[in-house]
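Q: Sharing a structure, written as structure tokens. Questions coming.
The values are calculated or read from the model by the stated rules, or taken from the named source; none is laboratory data. Only a predicted model underlies this, so the values are computations on that prediction, with no experimental measurement involved. Neighbour counts are summed over all protein chains in view; Cβ atoms, including those assigned to glycine, are modelled from backbone coordinates with ideal geometry. Please note that ligands, DNA and RNA were not included when accessible areas were found on the heavy atoms of the full protein model with its side chains. Shrake-Rupley method; radii C 1.70, N 1.55, O 1.52, S 1.80 Å.
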Amino acid sequence: MTVLAIAADLWRHAFARKWFLVLGAAVTLFLVFVALSLRLEVVDGALAGMRLFGQSTTLEITAVDVALRPIFKATAIILYYPFTLFLIALCAEFAPSLLQAGRIEHMLSLPVRRFELVLGTYLGVVGLSALFSLYGAGGLCLILGVKTGVLTLRPVLAALLGTTAFATVYSGMLAAAVLARSATSSAGVGMALYFAGVLAGYRTSLAPMMSEGISRRVFEAATAVLPRISTLGNVASDIAGGRAVSAAHVGGLCAGFLAFAAAVLAVTMWGFERKDY
Amino acid sequence: MAGPYRRSRRWPWLVAALVLLSGGAWLMSRGERMPRPKEVQVTFPRHMSASDRERLRQRRRPPILAVPEQAEPGAVAQPAPPPRPRDPLLVAMPPTVDKVAMVVEANAIRHSPVGELLLDCFVGSPEDDELGRLRSKTGLDVFEDLDRVAVTDDAIFVSGRFERANWTELFPGMKEQTPGPSTRLWKREGKDGESALLWNDEMLVVSQKEAEVRAAADRLEGRAPPANSAIDEDDCYGEIYGVVASKAVASLFENSSPDVAAKLGSITEQVKLHVDATHDVGVVADARGNDAASALDLAKTLGGALALGRAAARAQGNDNLATFLDYASVHPSASGSFRVELALPLDYLKTLLMDCPGRKARSAGSK
């Protein structure tokens with residue numbers, strides 16, 4: 001309960017800040033833009049025409065859910081990659097500001113254990129990112145569902161995978177925020193972890209390109225523990241695009257991501273316990 | 001907090017981190033080897049490719065005989081333009097058909113992934129080698145000697161290498177007629193019409209109607225005036241190509257979609273069909289409507305019918321059919337024509353042919 005109370009307190013702080021309102025407004029504007037500018041002509045479940053700003057964008061008549069797959073895939077990719085990057089930049093300053101001198105002492109003077117403070121902060125930020133991802137993906141699904149009659153939750157699933165990726169990256173950001181108390185370090189670690197994770201997703205293809213020896217082994221060992229951001233991105237795109245994916249493999253991948261985040265949070269706790277406030 | 005107390009509380013976090021990191025690495029290494037479905041590689045034969053053009057060029061032959069022109073008395077004879085080399089198979093085919101004129105590139109399909117799949121399915125076990133027995137009896141290896149098979153309303157045309165064929169075995173009971181300059185003709189005695197024609201040891205024409213065979217011989221030997229073929233040279237691309245009367249196509253939909261069948265039969269006359277089988281199978285059907293508005297209306301109806309069929313297949317749990325229809329699309333144009341594209345992924349065909357006779361025979365033989 002204490003963890004949830006801390007997360008709720010973080011949400012209150014977040015909504016008091018203008019940039020989260022800006023984020024909400026940006027997602028809303030995008031949805032309004034899609035709702036007003038996209039005109040779809042559906043005949044017996046087939047998409048017979050798609051117009052954007054009055055211009056025809058397709059000359060192909062095909063099953064509407066098949067025709068919308070590229071849109072759903074593009075949505076998934078936007079929610080997964082650029083939106084996650086945007087959240088990294090946006091949330092970098094958040095944890096250091098919550099852990100700034102004065103506030104942290106105040107929080108620790110309350111009947112709150114340190115791990116609850118870290119976990120509450122972490123879950124609060126991750127929950128916020130999930131909220132905006134679900135708002136964007138869910139809103140788009142609803143708009144396209146109303147316009148075409150095809151209601152699918154696949155982009156929402158893809159958005160949840162994007163949240164999983166962000167949750168993993170944010171664990172590193174929080175560790176940097178706690179240990180260095182610097183927004184720049186937090187953003188730097190987030191970006192580094194994000195791009196290293198993208199690279200780690202291609203480790204099996206990249207490793208053979210390196211000359212055999214110590215460098216390849218170091219690369220393989222270092223990337224083995226990193227979250228495979230790009231692999232999960234491909235899964236998100238596949239799910240949104242209607243491709244069959246193995247639930248066991250996706251589950252394993254997500255569990256691995258969460259284990260990595262938990263490991264980093266454990267390191268964060270180890271560092272946090274050392275500090276005197 | 002006192003120092004020793006803090007130290008005793010901190011180390012479990014590091015142990016937990018190490019365990020979680022190792023566990024995460026193991027889980028992710030399993031997840032990254034995710035089996036991904038094979039990409040469907042469909043080439044939709046929408047126009048003649050450079051290789052199709054080269055294939056056509058190599059098949060062209062100059063006419064064997066020119067039709068002698070009868071000059072009027074006193075008129076100055078104009079030099080005739082040199083006869084245009086043409087593909088003999090197209091020359092042999094009738095200029096018009098009521099239902100169908102279709103060419104199958106048998107040899108190309110035989111050596112394609114689809115061909116291998118079909119052979120695997122429909123050719124029996126080595127002990128039951130029907131085709132091998134046919135080869136030793138008639139000298140004809142249907143896998144290697146046949147190049148193309150064409151079908152029209154009343155005749156079948158086969159091109160290939162027939163030098164080693166034993167015609168007495170191939171046409172038992174048929175009597176050879178007086179040969180032409182480059183043709184041999186057989187006719188069944190006591191039965192009306194059934195005839196066969198061999199041209200230059202490279203093309204065979206078989207029909208139940210003697211007139212069809214004789215007309216093909218006339219066209220090949222220049223006794224008939226030059227005329228366009230039922231299939232235009234520019235339409236000779238893909239592994240299967242030709243024209244089908246719209247009414248014949250419409251009859252396929254009469255039970256399932258009577259409105260589509262009625263529109264198809266009334267708005268269009270002919271459908272041009274092209275199939276590519278180099279990887280997964282791509283099918284393209286082009287139709288031209290009587291007027292642009294009706295054609296667009298028909299295109300939308302067809303698109304709707306395909307989408308409904310796909311949704312119904314999905315609802316009934318027929319995933320194979322739904323997968324096949326995933327790749328179906330209709331492309332209307334402003335000029336009143338439209339194109340229907342379908343794809344048959346090889347994996348889909350493999351699933352369909354899972355229990356085909358050849359495999360059954362082989363598996364029964366191996367037990």
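Q: Taking the residues in the stretch B:155-166 that are open to solvent by less than 60 Å² (accessible area, probe 1.4 Å) and either farther than 23 Å from B:ARG135 by Cα or modelled with pLDDT of 90 or more (or both) as candidates, determine which candidate is farthest from the chain's Cα centre (by Cα).
A: B:PHE162
Q: Now for a different question. Quick one: in the stretch B:26-58, of everything that is part of a helix (DSSP H, G or I), within 11 Å of another protein chain (Cβ to nearest Cβ) and open to solvent by 50 Å² or more (accessible area, probe 1.4 Å), which residue is nearest to A:LEU253 (Cα to Cα)? Reasoning before the result, please.
A: Start the filter on the stretch B:26-58 by keeping residues that are part of a helix (DSSP H, G or I), which leaves B:26-31, B:50-58.
The next check asks that each one be within 11 Å of another protein chain (Cβ to nearest Cβ); those that pass are B:26-31.
Subsequent filtering for residues that are open to solvent by 50 Å² or more (accessible area, probe 1.4 Å) retains B:26, B:30.
Details: B:TRP26: 9, B:ARG30: 7 Å.
Out of the qualifying residues, it is B:ARG30.
Per-residue answers, yes or no, for (1) outside any helix (DSSP H, G or I); (2) within 13 Å of chain A (Cβ to nearest Cβ); (3) open to solvent by less than 50 Å² (accessible area, probe 1.4 Å):
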position	(1), (2), (3)
B:VAL283	yes, no, yes
B:ARG288	yes, no, no
B:ALA295	no, yes, yes
B:LYS300	no, yes, yes
B:GLY304	no, yes, yes
B:ALA307	no, yes, yes
B:ALA313	no, yes, yes
B:GLY317	yes, no, no
B:ASN320	no, no, no
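Q: Right, here's the next one. Could you check the stretch B:327-339 and list, in sequence order, the residues that are in contact with a helix residue (DSSP H, G or I) (Cβ under 6 Å, 6 or more places away or on another chain) and closer than 18 Å to B:GLY309 by Cα?
A: Hits for the stretch B:327-339 are B:ALA328, B:VAL330.
Q: Right, something else. For the stretch B:178-189, name all the residues that are modelled with pLDDT under 85 and touching a Leu at 6+ places or on another chain (Cβ under 8 Å).
A: Hits for the stretch B:178-189 are B:THR178, B:PRO179, B:PRO181, B:SER182.
Q: Out of the residues in the stretch A:256-272 that are at the interface with another protein chain (Cβ under 7 Å from one of its Cβ atoms) and open to solvent by 20 Å² or more (accessible area, probe 1.4 Å), state the one that is modelled with the lowest pLDDT.
A: A:TRP270
Q: Turning to a different aspect of this structure: Restricting attention to the stretch A:58-98, which residues are part of a loop (DSSP other than H, G, I, E, B) and either within 14 Å of chain B (Cβ to nearest Cβ) or surrounded by fewer than 21 Cβ atoms within 10 Å (Cβ to Cβ) (or both)? Break it down into steps so the answer makes sense when it comes.
A: Initial filter on the stretch A:58-98 (part of a loop (DSSP other than H, G, I, E, B)): A:58-60, A:68, A:81, A:92-93.
Correct list: A:THR58, A:LEU59, A:GLU60, A:LEU68, A:TYR81, A:GLU93.
Q: Can you tell me how many residues within the stretch B:322-334 are within 21 Å of the chain's Cα centre (by Cα) and either away from chain A (no Cβ under 11 Å) or not hydroxyl-bearing (Ser, Thr, Tyr) (or both)?
A: 6
Q: Let me ask something else about it. What is the number of the single condition among (1) open to solvent by 30 Å² or more (accessible area, probe 1.4 Å); (2) of a type outside the set (Ser, Thr, Tyr); (3) within 11 Å of chain B (Cβ to nearest Cβ) that A:PRO208 does not meet?
A: If we test A:PRO208 against (1) open to solvent by 30 Å² or more (accessible area, probe 1.4 Å); (2) of a type outside the set (Ser, Thr, Tyr); (3) within 11 Å of chain B (Cβ to nearest Cβ), just (3) comes out false.
Q: Sticking with this structure for a sec: Scan B:VAL271, B:VAL213, B:VAL244, B:VAL249 and give me the residue that is within 24 Å of B:LEU146 (Cβ to Cβ), under 21 Å from the mean Cα position of the chain (by Cα) and either within 14 Å of chain A (Cβ to nearest Cβ) or in contact (Cβ under 8 Å) with a residue 12 or more places away in the chain (or both).
A: B:VAL244
Q: Which condition does A:VAL3 not pass, out of (1) at pLDDT below 85; (2) open to solvent by less than 50 Å² (accessible area, probe 1.4 Å); (3) over 20 Å from A:VAL146 (Cβ atoms), if it passes all the others?
A: Unmet condition: (1).
Q: Another question about this same structure. When you go through B:ALA277, B:ALA293 one by one, which is the residue that is touching a Gly at 6+ places or on another chain (Cβ under 9 Å), of a type in the set (A, V, I, L, M) and closer than 27 Å to B:THR351 by Cβ? Give the steps one after another, and end with the answer.
A: Numbers: B:ALA293 fails: closer than 27 Å to B:THR351 by Cβ.
The conditions single out B:ALA277.
Q: Taking interchain pairs and intrachain pairs at least six residues apart, which have beta carbon atoms under 9 angstrom, with the first residue in the stretch A:27-45 and away from chain B (no Cβ under 14 Å) and the second modelled with pLDDT under 75 and surrounded by 17 or more Cβ atoms within 10 Å (Cβ to Cβ)?
A: Once the first residue is away from chain B (no Cβ under 14 Å) and sits in the stretch A:27-45, its partners that are modelled with pLDDT under 75 and surrounded by 17 or more Cβ atoms within 10 Å (Cβ to Cβ) give A:LEU38/A:MET50; A:ARG39/A:GLY49; A:ARG39/A:MET50.
Q: Which of (1) under 30 Å from A:LEU179 (Cβ atoms); (2) open to solvent by less than 50 Å² (accessible area, probe 1.4 Å) is the odd one out, the single condition A:LEU119 does not satisfy?
A: (2)
Q: A:VAL146 - would you say it is under 30 Å from A:VAL42 (Cβ atoms) and either of a type in the set (S, T, N, Q) or surrounded by fewer than 19 Cβ atoms within 10 Å (Cβ to Cβ) (or both)?
A: Taking the combined requirement at face value, the residue satisfies it.
Q: If you don't mind, there's one more thing I want to ask. With the condition kept exactly as written, say whether any residue in the stretch B:335-349 is surrounded by fewer than 21 Cβ atoms within 10 Å (Cβ to Cβ), assigned to a loop (DSSP other than H, G, I, E, B) and under 23 Å from the mean Cα position of the chain (by Cα).
A: No, the conditions are met nowhere in the stretch B:335-349.
Q: Now for a separate question. Can you find a residue in the stretch A:233-249 that is facing chain B (nearest Cβ under 7 Å), modelled with pLDDT under 90 and either touching a Gly at 6+ places or on another chain (Cβ under 8 Å) or more than 23 Å from A:ALA137 (Cβ to Cβ) (or both)?
A: yes
Q: Here's something else I'd like to know. Sort through A:LEU253, A:LEU226 and tell me the only one that's modelled with pLDDT under 95, open to solvent by 10 Å² or more (accessible area, probe 1.4 Å) and not β-branched (Val, Ile, Thr).
A: A:LEU226
Q: In addition: Going residue by residue through the stretch B:167-178, is there one that turns out to be of a type in the set (Gly, Ala, Ser), surrounded by 16 or more Cβ atoms within 10 Å (Cβ to Cβ) and out of contact with any Pro (no Cβ under 8 Å at 6 or more places or on another chain)?
A: The initial filter retains those residues of the stretch B:167-178 that are of a type in the set (Gly, Ala, Ser), namely B:173.
Next, only the ones that are surrounded by 16 or more Cβ atoms within 10 Å (Cβ to Cβ) stay: none.
Checked against the condition, which is being of a type in the set (Gly, Ala, Ser), surrounded by 16 or more Cβ atoms within 10 Å (Cβ to Cβ) and out of contact with any Pro (no Cβ under 8 Å at 6 or more places or on another chain), the stretch B:167-178 yields no hits at all.
Q: I'm trying to understand the selection: among the residues of the stretch B:180-213, which are within 24 Å of B:ARG61 (Cβ to Cβ), assigned to a loop (DSSP other than H, G, I, E, B) and touching a strand residue (DSSP E or B) at 6+ places or on another chain (Cβ under 7 Å)?
A: B:SER182, B:GLU202
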